[in-house]
Amino acid sequence: MKETPAARVARLRELIEYHNYRYHALDDPEIPDAQFDKLFRELRELEDKNPQLITPQSPTRRVGSQPLDEFAQVLHALPMLSLDNAFSEQDVEDFDRRARERLGSAAALEYAAEPKLDGLAVSITYRDGLLIQAATRGDGMRGEDITSNVRTIKSVPLRLRKGYPPLLEVRGEIYMPLAGFRQFNSRARELGQKEFKNPRNAAAGSVRQLDPSITASRPLAMFVYGLGEVSADVTPQQQSALWPWLRELGLRVSPEVRRVVGVQGCLDYFRNMASRRPGLPYEIDGVVYKVDDMRLQERLGFVSRAPRWAVAHKFPADEVVTLLKDVEFQVGRTGAVTPVARLEPVDVGGVTVSNATLHNMDEIARKDVRIGDRVVVRRAGDVIPEIVRVLVGERPPHARKVSLPRSCPVCGSAVLRTEDEAVARCSGGFACPAQRKEMLRHFASRRALDIDGLGDKLIEQLVDAGHVNTPADLYRLDQETLAALPRMAEKSAGNVLASLDKSRTTTLARLLYALGIRDVGEATATALAVHFGSLEALACATEEQFTAVPDIGPVVAGSLRRWFAVEANRRLLDDLQALGVHWPAVKPAGAKGTVLAGKTFVLTGTLPGMTRDQARDLLQANGAKVAGSVSKRTDYVVAGSDAGSKLAKARELGIKVIDEEALRQILGPAK
């Protein structure tokens with residue numbers, strides 16, 4: 001009996017998906033390319049004759065859809081974290097030692113080791129086995145929706161094979177193979193078009209095209225290395241066991257992944273990959289070690305925005321020789337006066353480098369750097385250019401020593417350097433325009449006061465025109481002042497004022513972070529807010545009281561005490577509050593009178609009436625701790641829609657699960 005068109009289409013799709021799986025995921029094709037192409041052509045012809053049979057998941061739909069006007073934003077259900085870097089064997093040994101100390105284990109840890117691809121990190125979500133969304137990492141919390149583009153990449157399955165959970169989010173790296181990169185640039189030269197500098201830029205530029213058909217024309221591939229949100233607790237409990245499980249689903253995993261034992265196993269893997277790096281068909285810039293047991297990963301947790309259970313061991317960067325033409329000094333947000341080398345432009349690893357950091361005067365003295373020297377330059381961690389050493393034997397007679405300026409190159413204030421610091425600092429504070437601009441940028445940033453529309457150019461205009469000298473001055477701005485600025489109009493000015501008004505309602509932790517106090521990041525600001533409960537208590541605290549806060553040592557305590565001792569800073573806090581900046585009262589850690597004192601919450605899924613950041617801020621303001629993973633020590637799991645593996649883990653452990661309405665009841669009336 002002859003197959004119907006629908007049956008034949010279904011059969012062809014099944015065959016093509018199977019052979020794609022053999023080719024991309026297993027690297028073990030069963031049929032030659034010509035036979036695969038024949039199956040593909042037959043499917044396309046049948047779909048052309050029977051358009052009602054076309055589905056978004058058909059292999060023929062990878063050619064790309066209509067161009068977009070702009071990328072939509074995607075909020076990651078779980079943050080896409082960065083990794084801390086290790087640049088030496090000692091760094092790796094220190095990472096391993098810290099992990100074992102935190103776990104209280106003297107035994108060697110088992111690690112999952114994998115190559116660190118030099119591409120674009122992405123998240124791909126499958127629902128009921130079908131690809132529904134793909135996003136870039138972005139800032140770790142929000143990325144760009146690149147679903148239409150990722151659908152065009154042949155090594156990314158549009159449909160998973162059997163055994164998948166209802167909701168599965170995978171993380172991986174999109175890259176351009178070296179052969180494809182060379183072929184693309186060769187073709188670009190023939191056509192007189194712009195070439196890509198390196199495969200990493202090629203991959204990122206190809207994926208972030210508003211026209212998916214352009215992405216479809218580029219030679220891209222992807223390896224998957226981890227998970228995001230999962231709707232059921234069916235995943236393996238070891239990172240190394242995750243690799244074959246992902247392959248069974250049809251996802252592509254690097255063939256270079258290995259399970260190793262102890263720090264020596266990690267270093268042996270690093271050396272092996274370094275020796276084989278030139279022969280790999282794609283670029284890697286290092287390797288990644290992850291504690292293999294995911295239960296141990298949970299115990300190790302996170303610090304700031306990086307996991308304690310993983311580290312990226314970077315390869316030494318490419319090194320080149322160039323001329324040091326001059327040394328200039330830049331002033332940062334905290335007043336740090338940093339020497340910057342101005343170089344004869346040179347290509348380093350596919351990137352043109354004309355500036356390099358010199359860190360501080362001690363570094364200049366140690367390396368004996370002089371203006372006019374021939375110097376060896378590399379990109380540290382393949383990112384930040386730095387001077388490695390000086391070719392002293394080639395030093396010209398006119399080479400000049402570098403001197404620290406006595407006065408700030410921006411404001412003229414005295415440059416000071418204490419005996420216990422390598423960094424010199426401008427003493428001008430907010431009187432220094434360079435510090436002022438950087439402080440205001442930080443104050444307005446998303447993780448601080450989140451003042452939308454107050455970007456770099458607008459801050460520059462406001463400071464240069466003398467309208468803003470401190471963060472408090474932002475809240476004195478009016479429509480007339482803003483609208484009179486270049487490239488501003490009534491509507492834009494109104495939007496900025498509305499955003500400023502909205503930012504008046506914040507949290508104590510966000511305000512502390514926004515103030516830009518030296519050594520006080522987000523995690524430290526939150527710990528301080530929860531511990532002291534009020535700005536008044538913080539302002540009066542001694543260094544000894546600051547060091548009583550978990551993870552705060554004498555250096556941070558000293559920074560805090562010095563900041564609050566400055567009269568101008570106290571006046572700034574008074575001004576901000578007088579201008580309407582306020583925050584909900586915080587229940588200090590251990591305070592009585594609230595059911596949240598000493599309680600640990602975990603947030604999962606999408607809440608209908610508030611963001612996760614808002615929920616976290618409210619909980620912390622009431623003395624609760626907000627953790628990133630579920631354990632026996634968790635008291636409540638707040639679950640929204642599309643809650644995943646955290647919800648399943650909570651049910652497994654018998655932990656109380658509540659929704660947003662119940663959370664609001666626990667928090668009580670808004671104040």
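The values are calculated or read from the model by the stated rules, or taken from the named source; none is laboratory data. Remember, it's a predicted structure, so these values are computed and weren't measured experimentally. Neighbour counts are summed over all protein chains in view; Cβ atoms, including those assigned to glycine, are modelled from backbone coordinates with ideal geometry. Areas reflect the complete protein model, heavy atoms only, side chains present, ligands, DNA and RNA absent. Shrake-Rupley method; radii C 1.70, N 1.55, O 1.52, S 1.80 Å.
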message = Given the options GLU89, GLU110, name the one that is acidic (Asp, Glu) and either touching a Lys or Arg at 6+ places or on another chain (Cβ under 9 Å) or under 30 Å from ASP145 (Cβ atoms) (or both).
response = GLU110
remark   = Taking first residues from the range 257-278 that are touching a residue at least 24 places away in the same chain (Cβ under 8 Å) and second residues anywhere that are assigned to a helix (DSSP H, G or I) and of a type in the set (Ser, Thr, Tyr), the pairs with Cβ under 9 Å that are 6 or more apart or on different chains are VAL257/SER240; ARG258/SER240; ARG258/TYR269; ARG259/SER240; VAL260/TYR269
ask   = Any residue at all in the range 495-511 that is charged (D, E, K, R), out of contact with any His (no Cβ under 9 Å at 6 or more places or on another chain) and closer than 24 Å to LEU560 by Cβ?
value = yes
ask   = Considering the range 504-533 alone, what residues qualify as being assigned to a loop (DSSP other than H, G, I, E, B), modelled with pLDDT under 90 and open to solvent by 20 Å² or more (accessible area, probe 1.4 Å)?
value = ARG518, ASP519, GLY521
remark   = Selection from the range 335-351 of residues open to solvent by less than 50 Å² (accessible area, probe 1.4 Å) and touching a strand residue (DSSP E or B) at 6+ places or on another chain (Cβ under 8 Å) yields GLY335, ALA336, VAL337, THR338, PRO339, VAL340, ALA341, LEU343, VAL346, VAL348, GLY349, VAL351
key: For SER105: the one exception among (1) open to solvent by 70 Å² or more (accessible area, probe 1.4 Å); (2) more than 23 Å from the chain's Cα centre (by Cα); (3) free of Cβ contacts under 8 Å to residues at least 60 places away in the same chain   = (1)
request  = Select, from LEU619, LEU663, the only residue that is part of a helix (DSSP H, G or I) and in contact with a Phe, Trp or Tyr (Cβ under 6 Å, 6 or more places away or on another chain).
outcome  = LEU619
remark   = Wholly inside the range 45-139, strands (runs of 3 or more DSSP E) that include 3 or more residues that are at pLDDT 90 or above and not acidic (Asp, Glu) are 110-117, 120-127, 130-136
query = Does ARG417 count as out of contact with any helix residue (DSSP H, G or I) (no Cβ under 7 Å at 6 or more places or on another chain), open to solvent by 40 Å² or more (accessible area, probe 1.4 Å) and among the charged types (D, E, K, R)?
reply = yes
task = Determine which single condition LYS325 fails, assuming it passes every other condition in (1) modelled with pLDDT under 95; (2) at negative phi; (3) open to solvent by 80 Å² or more (accessible area, probe 1.4 Å); (4) not aliphatic (A, V, I, L, M).
result = (1)
request  = Return the total of residues in the range 537-557 being in contact with a Lys or Arg (Cβ under 9 Å, 6 or more places away or on another chain) and surrounded by 14 or more Cβ atoms within 10 Å (Cβ to Cβ).
outcome  = 5
message = Being open to solvent by 30 Å² or more (accessible area, probe 1.4 Å) and in a helix (DSSP H, G or I) is true for just one of ALA498, ALA472, ALA493. Which residue is that?
response = ALA498
ask   = Can you list the helices (runs of 4 or more DSSP H) found entirely within the range 236-303 that contain at least 3 residues being in contact with a His (Cβ under 9 Å, 6 or more places away or on another chain) and open to solvent by less than 40 Å² (accessible area, probe 1.4 Å)?
value = 262-276
query = Has the range 197-205 got at least one residue that is without any contact (Cβ under 8 Å) to a residue 24 or more places away in the chain and open to solvent by less than 70 Å² (accessible area, probe 1.4 Å)?
reply = yes
